[in-house]
Structures are given as C-alpha cells and as structure tokens.
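K.L.:
Sharing a structure with you now.
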Amino acid sequence: MADRICRTGRNTRSLGSLYENEAAEWLQDRGYQIITRNFRCRAGEIDLIVSCGEILAFVEVKYRSSASRGYSEDAVGPRKQQIIRRVAEYFLVTNPWAQNLICRFDVAAFEGGHLNYYEGAFGGM
C-alpha cells in the first residue's frame, strides 16, 4: 500500500514520525522515560508509551498544519479512544511489571509547529 503524499512533499508516515519524535523529546525533557514507540497488536497501535514515577501514559500524537479542518485533538474521538484502550489493555497483560502503575491516556496535539499536551485527555479502561 503506497503512502499518501502531503502538500509539503513528505509522506504522511514520515511526517507522523517527525512529530512523534518531537513529542518524545518534549516528554523526555520533562522527566518521562520512553518505554516504547509504535506499540502494535491486533487491536491497533499506540504512538508512545512513557513513564514517570508511578505514572504510565499511553500517548496518541496528532498533527494538523492548521485548524482549518478542526483541531488535532479532535481526531482522537470515541472510536480511536476505544482502540487505544484495547491496545493499552493488551500492553498491560503482556507487561505485568506495568500493572501496578497509574495509567492515563494523553494526547500530544500539534497545530503547525505548536504542541498542546493533554494529560488524562480521556477516561481510563
């Protein structure tokens, strides 16, 4: 399956990776440890899984070049939230060390070059 090409000339996958890297750096600068990137299972994918102290955060990274088509965080609607919850459940089952941590779902939303970071963006499992 061929990647779609963005107006910037980058394909959507490489553009997504660029913003995932920026979000990861931003989190590391604030004391988070990157556990894994692009965790996949049959249920779907989570962009970043990070920890800080007793917190384990499942992070969805979204980018929009402008808000003309809506805000990035709006793209994490109920269906996407359910997918992220299912993937998080699978991660916890396959990583027993993480089961006693406080879990939350965060969204890293880029509008152009600006990051809005939402801790606990939607409810738990």
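The values are calculated or read from the model by the stated rules, or taken from the named source; none is laboratory data. What you are looking at is a predicted structure, and each value in this text was computed from that prediction instead of being measured. Backbone-built Cβ (ideal geometry, glycine too); neighbour counts: all protein chains shown.
K.L.:
For the range 45-93: of the residues being modelled with pLDDT under 95 and of a type in the set (Phe, Trp, Tyr), which is farthest from the chain's Cα centre (by Cα)?
P.N.:
71
K.L.:
Taking the conditions exactly as written (modelled with pLDDT of 95 or more and assigned to a helix (DSSP H, G or I)), does residue 40 satisfy them or not?
P.N.:
Criteria not met by residue 40.
K.L.:
Also, I was wondering about something else. Identify, please: which residue in the range 17-44 is of a type in the set (Asp, Glu) and surrounded by 13 or more Cβ atoms within 10 Å (Cβ to Cβ) and is, among those, farthest from the chain's Cα centre (by Cα)?
P.N.:
That would be 22.
K.L.:
Quickly run through the range 99-125 and pick out the residues that are under 19 Å from residue 27 (Cα atoms) and either over 13 Å from the mean Cα position of the chain (by Cα) or β-branched (Val, Ile, Thr) (or both).
P.N.:
Scanning the range 99-125 gives 101, 102, 103, 107, 111, 112, 113, 114.
K.L.:
Can you tell me which residues in the range 78-120 are part of a loop (DSSP other than H, G, I, E, B) and loosely packed, with under 13 Cβ neighbours inside 10 Å?
P.N.:
Hits for the range 78-120 are 99, 100, 112, 113.
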